[in-house]
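Here's the structure we're looking at; comments come further down.
The values are calculated or read from the model by the stated rules, or taken from the named source; none is laboratory data. Just so it is clear, the structure is predicted and the values come from calculations on it, not from any experiment. A quick note on method: Cβ atoms are made from the backbone with ideal geometry, for glycine too, and the neighbour counts reach across all protein chains shown.
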Amino acid sequence: MPVTSTVPPHRGVPRILAGAPARDRRAIARPGSVARWFEPFHIRQPQVARGELAAQVAAGADLIVAPAWLTHHRALEPLGESRRARAWTSAAVQVAREAVDQGLERRAEAIAAAAADTDPSQPAADPMPTPAGPVLVLGPLPDVAARPEGAHGRLLPVDAAASRDLHDQAGLLADAEVDGVLIEPRRTTDELRDAVGTVVDTGRPAWVLLGQVMTDVMPLPELLDALAEAGAERVLLPDPDPETFAMAITGPHRSIGAWWSDPTRVPEATVLDALVDVGADVLALATDATVEGLGPLVAARDRAWAARLATEAADADDLRTWLREAARRAPGGRALWVGPRPGWLPDGFAWTIGTADTLAAAPESEFRLVATDQATDPRSLARAVAHGGIVAFVGGADMLGQLSGTDLEPQVVEERRGDGIRIIARRAPG
């Protein structure tokens, strides 16, 4: 079954999209060069095609592209094989699904082997990311109108024929249950919007590889807004520099990644890291996406993951220090933590782990210590804590001003890592 959500599993850690393993996977073989030359590569050599995609997954790809570039009617009509469009499209997706299973097995074996080789006397290395959900399989939607129509006899007008073939292939990919459709560059913005709308109508997420010509004829923010309005789930910018990318991602609800046509176009590590820092949630290689070709993108993802782990560890240390100080100031007894259970809570209290609803429903003056790392109305905190008790909470820089309507007396105010402040306050004795 297809995956209905393609949201990145880890905020701040990009996903890696692997395109065609080699350029000739996107072209029909030369007549007579091999047996069954007229068949797409995944039909002619399914084991090799499966192995190439499995290698991408084993190397760290989170998204792969089913080898369906040549299974649409317009590619098959000149070969007299258009009747096989559905079967060969479905076969491409099946090969990709099988490759995902094989690749994940190989990845797990590699992780286990690395762990077995680790010296137990040395500190364990930080774990590297693996997909939080299944690896996604996208179906490619090339520009079918770029090929001349191969049929004979009375033909539809050019635009109508192109629209028909676009709808046909988008439907075949949806019927094959891809997790999303990857729309390849189009010649005009109208064609691109039509392709997005066609994919959205099938019920599949629409991913867009934006071509350079698009950004040449329309301001990028305007184009991104138009694609979002048409229903595009994610847009990948071609060869972006960090400054352009930062400008593009400032719009509301924009999910944007970056793509490169081949490994020679992939920038150096500092540029990749800068793109990730400003919000690129997908790094994609469209062609020659071999283990070696994907290497720089996977390395950038791994650096982002290591940085995220380091930040989380530092935040956890800060939280522990803050809670320890709040507990030191609070009388022992019942305590409430509002939010998901943290990794550590101070001893000496009977802790309740609850939500904002728990806080709202708590009897007045129920707890001696109330703590949360979520933005919370200080009035609800003050109501739930006993007179003389302690509340520890977070908020924006204006949070201190909000205390004026309560009987909470600030004891400790400190800046949070990133933004905002942490406050420890005592409720005035009754």
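Some points to look at:
- Consider region 404-430 and keep the residues that are of a type in the set (Lys, Arg) and under 30 Å from the mean Cα position of the chain (by Cα). The one that is nearest to Ser380 (Cα to Cα) is Arg416.
- Filtered by the rule that a residue be in contact with a helix residue (DSSP H, G or I) (Cβ under 6 Å, 6 or more places away or on another chain) and modelled with pLDDT of 90 or more, region 372-383 gives a lone residue, Ser380.
- Single residue of region 128-151 satisfying the filter (at pLDDT 95 or above and not hydrophobic (A, V, I, L, M, F, W, C)) that is surrounded by the most Cβ atoms within 10 Å (Cβ to Cβ): Gly139
- Scope region 384-409; condition of a type in the set (A, V, I, L, M) and either at pLDDT 90 or above or in contact with a Ser or Thr (Cβ under 8 Å, 6 or more places away or on another chain) (or both); matching residues: Ala384, Val385, Ala386, Ile390, Val391, Ala392, Val394, Leu408
- If you filter region 386-402 down to residues that are touching a residue at least 40 places away in the same chain (Cβ under 8 Å) and over 21 Å from Thr321 (Cβ atoms), you find that the one that is surrounded by the fewest Cβ atoms within 10 Å (Cβ to Cβ) is His387.
- Residue tally, condition under 34 Å from the mean Cα position of the chain (by Cα) and among the aromatic types (Phe, Trp, Tyr), over region 335-369: 2
- Hits in region 380-414 (condition: of a type in the set (Asp, Glu) and farther than 23 Å from Leu345 by Cβ): Asp398, Asp407, Glu409
- Flag for Thr215 being in contact with a Leu (Cβ under 8 Å, 6 or more places away or on another chain), at pLDDT 80 or above, assigned to a helix (DSSP H, G or I) and of a type in the set (Val, Ile, Thr): no
- Those residues of region 152-169 which are surrounded by 13 or more Cβ atoms within 10 Å (Cβ to Cβ) and either out of contact with any Ser or Thr (no Cβ under 6 Å at 6 or more places or on another chain) or at pLDDT 95 or above (or both), in sequence order: Leu156, Ala161, Ala162, Ser163, Arg164, Asp165, Asp168, Gln169
- Members of region 360-409 found to be in contact with a Leu (Cβ under 7 Å, 6 or more places away or on another chain) and assigned to a helix (DSSP H, G or I), listed by number: Pro378, Ser380, Ala382, Ala384
- In region 413-430, residue nearest to Ala375 (Cα to Cα) [restricted to those that are modelled with pLDDT under 90 and either of a type in the set (Val, Ile, Thr) or in a helix (DSSP H, G or I) (or both)]: Ile421
- Of residues in region 170-197 being in a loop (DSSP other than H, G, I, E, B) and in contact with a Ser or Thr (Cβ under 7 Å, 6 or more places away or on another chain), the one nearest to Arg234 (Cα to Cα): Asp179
- Answer from Trp351, Trp305 - the residue that is of a type in the set (Phe, Trp, Tyr), within 30 Å of Ala61 (Cα to Cα) and either assigned by TED's automatic domain parsing to the domain that holds Val412 or surrounded by fewer than 20 Cβ atoms within 10 Å (Cβ to Cβ) (or both): Trp305
- Failed criterion for Arg417 (all others in (1) surrounded by 15 or more Cβ atoms within 10 Å (Cβ to Cβ); (2) closer than 26 Å to Ala313 by Cβ; (3) of a type in the set (Lys, Arg) hold): (1)
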